[in-house]
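Down below is the structure, laid out as structure tokens.
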Amino acid sequence: MRHRYLSAALALALVGGLTAGCGSDSAGSANEINLIMSNHPWQRAIEPLIDDFEKESGVTVKVQTFAEQQMRDKVQLNLQSRSSSMDVFMTLPSREGPQFAKSNYYEPLDEHVSKAGADYAVDDFPTAVRAGMTVDDKLIAAPINVEGVVLYYRTDLFEQYGVTPPKTLDELTTAAETIKQKSGGSVTPIALRGQSAALPFTFGPFLHSQGVSWTKPDGTPNFDDPKAVEAINRYATLARDYGPPGVVNNTFTQSSALFAAGNAAMELESSNEVSSIIDPKTSKVADKIGVLDFPAGAAGSKTTVLSWGLAVSSFSKNKDAAWKFVQWATSAKTQLELTKSGIAPPRTSVSKDPAYTATLNTETLKQWNTVLAKAQTDGDTEVGPVGVAAAEMRKVIGDAVGTVILGRASAEEAAKQIQDGLTPLLAKNRE
């Protein structure tokens with residue numbers, strides 16, 4: 001096996017040793033590419049298949065794998081130094097897409113896709129998924145997975161307490177209140193995110209389902225809209241009054257652990273978490289779970305839909321070989337193989353393939369697949385405000401909503417804090 005797997009210590013050493021402006025140009029031959037990936041379920045699923053690609057294509061793939069933030073540091077340093085030593089990399093366009101595109105870090109894939117034609121079938125990716133891979137009308141990455149915010153619930157507890165599965169945000173709050181009363185506080189009504197940096201992913205649907213975007217058409221913040229205040233209040237009320245103790249410290253890890261242990265009646269979380277809550281080895285409620293669309297607000301059900309992508313560096317000297325790998329890794333054939341490892345397919349044809357649907361052999365998984373398919377079509381791809389300062393903007397939002405959860409500010413005060421905090425950060429998009 002030709003692939004290189006890096007330990008965390010070696011990864012840190014490499015990141016620390018590469019400084020912007022003095023990257024090493026160690027590009028290989030035309031039939032060799034360097035691939036940088038995040039430690040992620042997709043990465044773990046694709047690595048065992050790379051030998052097959054090498055045999056079929058004659059292209060050697062050298063792999064480097066890092067923890068997510070270390071990967072970002074490594075990728076960004078390579079790009080800032082205009083190094084040709086990286087050819088293909090995992091990217092989260094909803095986070096760094098505008099920043100990387102503005103700096104011309106991505107090799108646009110439109111021409112490659114056009115040449116591939118029917119052999120690649122880009123239209124097989126749903127509209128929302130393709131939109132998430134596009135910046136300024138250019139395809140900057142190819143989607144490798146899909147996830148959305150869904151509502152998991154305990155079917156046994158809902159039956160025991162006579163609760164109807166919620167279809168609207170009003171019904172969601174009512175369900176939480178009923179569970180709190182009828183359980184006597186012995187069951188947490190809902191587990192959801194409260195940690196600042198992680199919160200915008202699950203808060204976004206509350207905003208979008210009220211008919212509000214993160215920003216106005218002129219690129220300024222939209223949190224002076226009364227409906228944004230309402231979205232903040234709804235989310236904070238659920239977290240404060242019906243969430244678990246210490247919810248402001250929680251992200252998906254704590255929420256899923258609480259739900260799998262049988263200590264929560266509902267979980268508002270990523271569709272990716274289904275594998276961790278239905279595994280009978282780790283979940284006490286594996287056979288008692290239902291999956292629902294994100295509850296509808298005034299503008300309907302508008303969940304957040306997110307995809308990681310594979311991008312080609314604009315500084316690569318082996319772009320044809322790099323595209324060969326991207327095309328193979330995101331093809332219907334490979335994505336069907338990846339479903340065996342629990343990777344939700346972003347291609348419509350794969351999601352409907354009998355070989356895949358046959359594996360959805362429980363009612364929970366059937367519901368999960370239906371909800372995820374709807375998210376790909378109707379979801380909103382903006383995880384947070386889009387811009388070169390995406391990470392900082394998400395923190396502004398998470399911090400402000402957190403103060404409402406803690407009872408230290410009103411929703412109106414938090415909205416103003418977000419409006420004021422986002423204004424200079426969004427202005428960077430126009431610099």
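The values are calculated or read from the model by the stated rules, or taken from the named source; none is laboratory data. Keep in mind that this is a model prediction, so the values were computed, not measured. Cβ: placed from backbone, ideal geometry, glycine included. Neighbour counts: every protein chain shown. The area values use the complete protein model at the heavy-atom level, side chains included, leaving out ligands, DNA and RNA. Shrake-Rupley method; radii C 1.70, N 1.55, O 1.52, S 1.80 Å.
Observations
- Averaged per residue, the chain has 41 square angstrom of accessible surface, using a 1.4 angstrom probe with ligands and nucleic acids left out.
- A Cβ-based charge dipole, computed about the Cα centre of the stretch 320-431 with Lys and Arg at +1 and Asp and Glu at -1, lands at about 360 debye.
- Sum of -39500 (n - 2.57) over DSSP H runs of 4+, divided by residues of the chain (222 nm, nearest 500): -13500 deg cm²/dmol
- More than 19 Å apart - percent of Cα-Cα pairs taken over the stretch 215-341: 68 percent
- The residue among S84, A390, A409 whose Cα reaches farthest toward the positive pole of the charge dipole of the chain, with charges on the beta-carbon of Lys, Arg, Asp and Glu, is S84.
- Rounded to the nearest 20, the Cβ-based charge dipole of the stretch 127-280 about its Cα centre (Lys and Arg +1, Asp and Glu -1) stands at 120 debye.
- Of all DSSP bridge pairs formed entirely within the chain, close to 60 percent run antiparallel.
- For the residue pairs K115/K317; K167/K374; K324/K374, the C-alpha atoms sit more than 24 angstrom apart in K324/K374.
- Take the Kirkwood radius over Cα pairs of the stretch 221-266, plug it into Stokes-Einstein at 4 °C and 1.567 mPa s, and you get 107 µm²/s for translational diffusion.
- Sequence-separation-based contact order of the stretch 162-274, relative, with Cα cut under 8 Å and 6+ spacing, percent: 36 percent
- In this structure, the pairs whose alpha-carbon distance is over 25 Å, taken from K281/K352; K55/K333; K319/K340; K216/K302, are K281/K352; K319/K340.
- Accessible surface of the chain, 1.4 Å probe, proportion on carbon and sulfur as whole %: 50 percent
- Its residue count N sets the reference 2.2 N^0.38 Å, and the alpha-carbon radius of gyration of the chain equals 0.99 times that reference.
- With the gyration tensor restricted to C-alpha atoms of the stretch 54-186, the semi-axes of the equivalent ellipsoid amount to 43, 19, 16 Å, longest first.
- Where the Cα pairs of the stretch 343-419 fall when distances are cut into 5 Å bins, in %: 3, 13, 16, 12, 10, 10, 11, 12, 8, 4, 1
- Share of Cα-Cα pairs in the stretch 110-165 lying beyond 20 Å, as whole percent: 47 percent
- The packing ranking of peptides 327-334, 391-398, highest mean first, is 391-398, 327-334, where packing means the average number of other beta carbon atoms within 10 angstrom of each residue.
- Neighbours of L238 by Cβ distance under 15 Å: Lys/Arg scored +1, Asp/Glu scored -1, total -3.
- Projecting the Cα atoms of A355, A375, V305 onto the dipole axis of the stretch 246-386, where Lys and Arg carry +1 and Asp and Glu carry -1 at the beta carbon, places A355 farthest toward the positive end.
- Scattering profile of the stretch 283-431 at q = 0.12, 0.14 Å⁻¹ [log10 I(q)/I(0), Debye over alpha-carbon scatterers]: -0.81, -0.99
- This model, with +1 at the C-beta of Lys and Arg and -1 at the C-beta of Asp and Glu, gives the chain a dipole about its Cα centre of some 580 debye.
- In the stretch 211-281, taking the dipole from charged Cβ atoms about the Cα centre, the farthest positive-side position among S270, N249, G211 is held by N249.
- Separation in nanometres of the label points that stand 7 Å from Cα toward Cβ, at Q160 and E111: 6.2 nm
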